[in-house]
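Written below as structure tokens is the structure these notes are about.
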Amino acid sequence: PLLDYYGAQSKLFTMPGVGHVLTIFNQLCAELDARKHDIQSVMHETRRFAPSEAFVVAAAVDAERLQALHRHAAEDHVGFWAAQARTHLTWQRMFDHALDDSRAPHYQWFSGGLINASYNCLDRHLDTRGEQVAITFETDDAQVIRYTYAELHRQVCQLGNALRSLGIGKGDRVVLYLPMGPQAVIAMQACARIGAVHSAVFGGFSADSLKDRIEDAGARLVITADAAPRGGKRVDLKGAVDKALSNGGCASVERVLVYQRMDGCPMHPQRDLRWQDLVPSQPTHCEPEWVDAGHPLFLLYTSGSTGKPKGVQHSTGGYLLGATVTMQWVFDLKPGDVFWCTADVGWITGHSYVAYGPLANGIEQVMFEGVPTYPDGERFWRMIAAHKVSIFYTAPTAIRALMRLGDELPARHDLSSLRLLGTVGEPINPEAWLWYHRVIGGGRCPIVDTWWQTETGAMMIAPVPGAMPIKPGSCTRPLPGICIDIVDEDGVPVTQIGRGGLLVVTKPWPSMLSTIWGNDARYAETYFGRFGNSVYVAGDGAQRDEDGDVWILGRIDDVLNVSGHRLGTMEVESALAAHPRVAEAAVVGRPHDIKGEAILAFVVVRGEREHAIASGLQRELCGWVAEQLGAIARPDEVRLVDGLPKTRSGKIMRRLLRSIGAGQHLTQDTSTLENPAILDQLRG
Ligand code: WT7
């Protein structure tokens, strides 16, 4: 019955053969089922929007140029990337081999090359645009602070020297637990300058999450702030660091460097140092550490379907190339552009398109400390007008939230400086796309819907806006030098239009992750374990339409995407299971109008269920998870139940739970449930 159901109901997939229902395919079907509403509305959206003639005429990359790039890459994949690396990066010593694949899937890009990321982002601009604004920073309370390239360079050098004075050097890991702001960029650039490996942890993560990441990375230094103002509130940061380091935790950490952003915090006498005391007196010259192209630039922890978050490791040369050229292609960069990416520096988008890409390209960017709805829902639009932003890059969840507030809010502001809009992080529904296009872009700005991941380092599938038409909900085509395919569970390319499959990348690309920190086996297994060492499995489902454009269908594994933030269901489940009153828990995502996905947890309690309900345990558990993992992981709903639905072999039937969460009519066979009466409790 299951096969019939999907065969008949979901035309997106054709079953490969009866009795051949592999887990991953089941998951894919289930995921699609949960998203059927979205997908159908997406797939009915066939309108195309061509760039205006004015946009095309001025485009940095027009159709002809794009075709030439694609042709070059198709004829000589490695040679293409080598040419890009020679043109767009400044090398201390040129690389000998563009790609060494002798240890695949551990690909080595640009081996023999010596480079420094901070030199590429700062020093090389000093002669030509030292006095140009690099960062326009707007604080939570709307003060504006500008940093020129020369000023940023000076501060990065001083912090680099300060780190060296603490004995930090090449290869040492430095965890950054910092608010959104220039200091985060300065800290990343200073680490890069001295060859230290930064690992930024989003300020919304809890002390426990921070501790896990510090310990896995073996960091010697933590750079943090006393606290951060966000939406008029004080977000404590140093308190979480103190907690993470208490009771002998994080034994590798020798020092904590504290940037005082607000009213200060208790300082541990031997361990803690104030940025403001140490850094400003440092010399302003700091010799860059020239590192091999493959030297790790940073680690960034992200969630997978199993286990603890993994430290995605990025190389210096390949990563920087990806962040640099994709900006030129997708954001159509030109002198005079003011770029604003709203992502926090704690996420990959804040690395590639705040901390590195804009600086490597020598453009001006806006950084914002606060939230889109403080002091009111006009904040983004007011800022775009005030700073004359020309390129604006944000997440669908923000667009949906602001769309709700009505057209009048953006209409009060002069948004005519905008010429290009972008989205990232999750599929965008046509309604939000069309609103963004019409109301924010005034109908004249192309929208680049950019698909990529923490692991890919840079944008992979995205429009080149002056060279092609776009459609609401499609990220269109892979960029030059990026080879993707959509395959079935046997790895066979899906050729049928509108049929879904697994999104894979079939050739290595420079900004790909180098490995998972300290766990080469997990790297090989997670990304290349399925179809061999040359096929990277992204973890997303996708399909092509009749024009060959790609539509992302969402994750096919147990990874949640809540407001564009990536979370593993297992992480939330283990946090719940750590509560003394929880016997067992299962977590699924359910469709949410603004967040994309919301977290729904089913929990079996120890002791009386009725009593637990009466005592408000659901609420307590929501708070517990937020405390364990961070506010972004707070469940939207906890349902207390007497048992979880399991198969005869004892596996939790997540697919069933997803259908229940989505409020769908159940088509699954529930006769195997040990206790069918539980169904009513599951329905809540
Ligand atoms: C996952 C990666 C890449 C920066 C932010 C997220 C989803 C990302 C899109 C898009 C549909 C998207 C995918 C992907 N995703 N961009 N344009 N359309 N889905 O990075 O936290 O590593 O998450 O985000 O599911 O696998 P991340």
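Search the range 302-333 for residues being small (G, A, S) and open to solvent by 10 Å² or more (accessible area, probe 1.4 Å), and hand back the single one that is farthest from G422 (Cα to Cα).
Going residue by residue through the range 302-333, those that are small (G, A, S) are 303-305, 307, 311, 315, 317-318, 322-323.
Within this subset, residues satisfying the condition of being open to solvent by 10 Å² or more (accessible area, probe 1.4 Å) are 305, 307, 315.
Numbers: S305: 28, G307: 32, S315: 26 Å.
Checking each candidate, the answer is G307.
Out of all the residues in the range 88-101, is one or more surrounded by fewer than 18 Cβ atoms within 10 Å (Cβ to Cβ) and assigned to a helix (DSSP H, G or I)?
Yes: one or more hits.
Based on this model, can you work out whether I391 counts as in contact (Cβ under 8 Å) with a residue 40 or more places away in the chain, away from the ligand (no atom under 15 Å from the Cβ), under 22 Å from W347 (Cα atoms) and of a type in the set (V, I, T)? Explain how you work it out, then say what you get.
Numbers: in contact (Cβ under 8 Å) with a residue 40 or more places away in the chain: yes; away from the ligand (no atom under 15 Å from the Cβ): yes; under 22 Å from W347 (Cα atoms): yes; of a type in the set (V, I, T): yes.
So I391 passes the test.
Within the range 522-540, can one find any residue that is within 13 Å of the ligand (Cβ to nearest atom) and among the charged types (D, E, K, R)?
Taking the range 522-540 and keeping what is within 13 Å of the ligand (Cβ to nearest atom), we get 526-527, 536-540.
Adding the requirement that they be among the charged types (D, E, K, R) leaves 540.
There is at least one residue in the range 522-540 that is within 13 Å of the ligand (Cβ to nearest atom) and among the charged types (D, E, K, R).
Does E455 satisfy the criteria of being touching a Ser or Thr at 6+ places or on another chain (Cβ under 8 Å), within 11 Å of the ligand (Cβ to nearest atom) and modelled with pLDDT under 95? I'd like the intermediate steps shown before the answer.
Numbers: touching a Ser or Thr at 6+ places or on another chain (Cβ under 8 Å): yes; within 11 Å of the ligand (Cβ to nearest atom): yes; modelled with pLDDT under 95: no.
So E455 fails the test.
Hey, any hits in the range 334-343 for a residue that's without any contact (Cβ under 8 Å) to a residue 60 or more places away in the chain, more than 23 Å from G370 (Cα to Cα) and surrounded by fewer than 24 Cβ atoms within 10 Å (Cβ to Cβ)?
yes
Select from the range 563-578 the residues that are in contact with a helix residue (DSSP H, G or I) (Cβ under 7 Å, 6 or more places away or on another chain) and open to solvent by 10 Å² or more (accessible area, probe 1.4 Å) and list them in ascending order.
Of all residues in the range 563-578, those in contact with a helix residue (DSSP H, G or I) (Cβ under 7 Å, 6 or more places away or on another chain) come to 563-565, 567, 571-572, 575-576, 578.
Scanning the range 563-578 gives S563, G564, H565, E571, A578.
With respect to D407, determine if the residue is open to solvent by 10 Å² or more (accessible area, probe 1.4 Å), away from the ligand (no atom under 13 Å from the Cβ), in contact with a helix residue (DSSP H, G or I) (Cβ under 9 Å, 6 or more places away or on another chain) and more than 27 Å from Q143 (Cβ to Cβ).
The answer is yes for D407.
Mind checking which residues of the range 261-312 are out of contact with any Gly (no Cβ under 8 Å at 6 or more places or on another chain), among the acidic types (D, E) and part of a loop (DSSP other than H, G, I, E, B)?
D263, E287
Being over 15 Å from L644 (Cα atoms), small (G, A, S) and in a strand (DSSP E or B) is the filter here, so list the residues in the range 589-612 that pass it.
If the condition is that a residue be over 15 Å from L644 (Cα atoms), small (G, A, S) and in a strand (DSSP E or B), then G589, G596, A598 are the ones that fit.
So G167 ticks every box in (1) open to solvent by less than 10 Å² (accessible area, probe 1.4 Å); (2) at positive phi but one. Which box is left unticked?
With respect to (1) open to solvent by less than 10 Å² (accessible area, probe 1.4 Å); (2) at positive phi, G167 is out only on (1).
Are there any pairs, at least 6 apart or on different chains, whose C-beta atoms fall under 6 Å, with the first in the range 87-109 and under 25 Å from V535 (Cβ atoms) and at pLDDT 95 or above and the second open to solvent by 50 Å² or more (accessible area, probe 1.4 Å) and in a loop (DSSP other than H, G, I, E, B), and if so, which?
Matching pairs, first to second residue: A104/N533; P105/N533; Y107/D101.
I'd like to check something: does the range 581-588 contain any residue that is of a type in the set (A, V, I, L, M, F, W, C), open to solvent by less than 20 Å² (accessible area, probe 1.4 Å), assigned to a helix (DSSP H, G or I) and under 25 Å from Q453 (Cβ atoms)?
Kept after step one, since they are of a type in the set (A, V, I, L, M, F, W, C), are these residues of the range 581-588: 582-583, 585-588.
From what's left, open to solvent by less than 20 Å² (accessible area, probe 1.4 Å): 582, 585-588.
So of that shortlist, the ones also assigned to a helix (DSSP H, G or I) come out as none.
Within the range 581-588, none of the residues are of a type in the set (A, V, I, L, M, F, W, C), open to solvent by less than 20 Å² (accessible area, probe 1.4 Å), assigned to a helix (DSSP H, G or I) and under 25 Å from Q453 (Cβ atoms).
Being over 24 Å from D549 (Cβ atoms) and surrounded by fewer than 17 Cβ atoms within 10 Å (Cβ to Cβ) is true for just one of G79, G113. Which residue is that?
Only one candidate passes the filter, namely G79.
Scanning for something touching a residue at least 12 places away in the same chain (Cβ under 8 Å), over 22 Å from G317 (Cβ atoms), not basic (K, R) and not in a helix (DSSP H, G or I), does the range 182-199 turn up at least one residue?
Checked the range 182-199: no residue is touching a residue at least 12 places away in the same chain (Cβ under 8 Å), over 22 Å from G317 (Cβ atoms), not basic (K, R) and not in a helix (DSSP H, G or I).
Name the residue that is surrounded by the most Cβ atoms within 10 Å (Cβ to Cβ), counting only residues in the range 422-464 that are under 12 Å from the mean Cα position of the chain (by Cα) and of a type in the set (F, W, Y).
Among them, the one singled out is W451.
Quick one: would you say Q618 is open to solvent by 40 Å² or more (accessible area, probe 1.4 Å), of a type in the set (S, T, N, Q) and within 19 Å of P580 (Cβ to Cβ)? Let's see the steps before the verdict.
Details: open to solvent by 40 Å² or more (accessible area, probe 1.4 Å): yes; of a type in the set (S, T, N, Q): yes; within 19 Å of P580 (Cβ to Cβ): yes.
Judged against the criteria, Q618 is a match.
Which numbered condition trips up A467, out of (1) open to solvent by less than 10 Å² (accessible area, probe 1.4 Å); (2) among the hydrophobic types (A, V, I, L, M, F, W, C); (3) out of contact with any Gly (no Cβ under 7 Å at 6 or more places or on another chain)?
If we test A467 against (1) open to solvent by less than 10 Å² (accessible area, probe 1.4 Å); (2) among the hydrophobic types (A, V, I, L, M, F, W, C); (3) out of contact with any Gly (no Cβ under 7 Å at 6 or more places or on another chain), just (1) comes out false.
With respect to M262, determine if the residue is free of Cβ contacts under 8 Å to residues at least 12 places away in the same chain, within 21 Å of G181 (Cβ to Cβ) and surrounded by fewer than 21 Cβ atoms within 10 Å (Cβ to Cβ). Working first, answer last.
On the way: free of Cβ contacts under 8 Å to residues at least 12 places away in the same chain: no; within 21 Å of G181 (Cβ to Cβ): yes; surrounded by fewer than 21 Cβ atoms within 10 Å (Cβ to Cβ): yes.
So M262 fails the test.
Taking the condition of being in a loop (DSSP other than H, G, I, E, B) and either open to solvent by 60 Å² or more (accessible area, probe 1.4 Å) or polar (S, T, N, Q) (or both), how many residues in the range 637-675 meet it? Even if it seems obvious, please write down each step before you answer.
To start, the set of residues in the range 637-675 that are in a loop (DSSP other than H, G, I, E, B) comprises 642-645, 647-651, 653, 662-675.
With either open to solvent by 60 Å² or more (accessible area, probe 1.4 Å) or polar (S, T, N, Q) (or both) added as a condition, the list becomes 642, 647-649, 651, 663-665, 667-672, 674-675.
Total meeting the criteria: 16.
When the residues of the range 418-451 are narrowed to those that are in a loop (DSSP other than H, G, I, E, B) and in contact (Cβ under 8 Å) with a residue 40 or more places away in the chain, which ends up farthest from the ligand (Cβ to nearest atom)?
In this case the residue turns out to be R444.
Hey, any hits in the range 497-511 for a residue that's open to solvent by 30 Å² or more (accessible area, probe 1.4 Å), touching a residue at least 60 places away in the same chain (Cβ under 8 Å) and over 28 Å from V56 (Cα atoms)?
Step one: of the range 497-511, the residues open to solvent by 30 Å² or more (accessible area, probe 1.4 Å) are 497, 499, 506-507.
So of that shortlist, the ones also touching a residue at least 60 places away in the same chain (Cβ under 8 Å) come out as 499, 507.
Then keep just the ones that are over 28 Å from V56 (Cα atoms); that gives 499, 507.
Taking every residue of the range 497-511 in turn, at least one turns out to be open to solvent by 30 Å² or more (accessible area, probe 1.4 Å), touching a residue at least 60 places away in the same chain (Cβ under 8 Å) and over 28 Å from V56 (Cα atoms).
For R129, which of the numbered conditions (1) open to solvent by 60 Å² or more (accessible area, probe 1.4 Å); (2) under 28 Å from the mean Cα position of the chain (by Cα) fails to hold?
Failed condition: (2).
Return only the number of the condition from (1) away from the ligand (no atom under 16 Å from the Cβ); (2) at pLDDT 95 or above; (3) under 26 Å from Q67 (Cβ atoms) that R544 does not satisfy.
The number of the failed condition is (1).
Mind listing just one residue for me: the one in the range 274-293 that is open to solvent by less than 30 Å² (accessible area, probe 1.4 Å) and closer than 30 Å to A521 by Cβ and, of those, nearest to the ligand (Cβ to nearest atom)?
A293
The values are calculated or read from the model by the stated rules, or taken from the named source; none is laboratory data. Not measured: the values here are computed from a predicted model. Ideal geometry is used to build each Cβ from the backbone, glycine not excepted, and the neighbour counts take in all protein chains shown. Heads up: the accessible areas ignore ligands, DNA and RNA and are worked out on the full protein's heavy atoms, side chains in. Shrake-Rupley method; radii C 1.70, N 1.55, O 1.52, S 1.80 Å.
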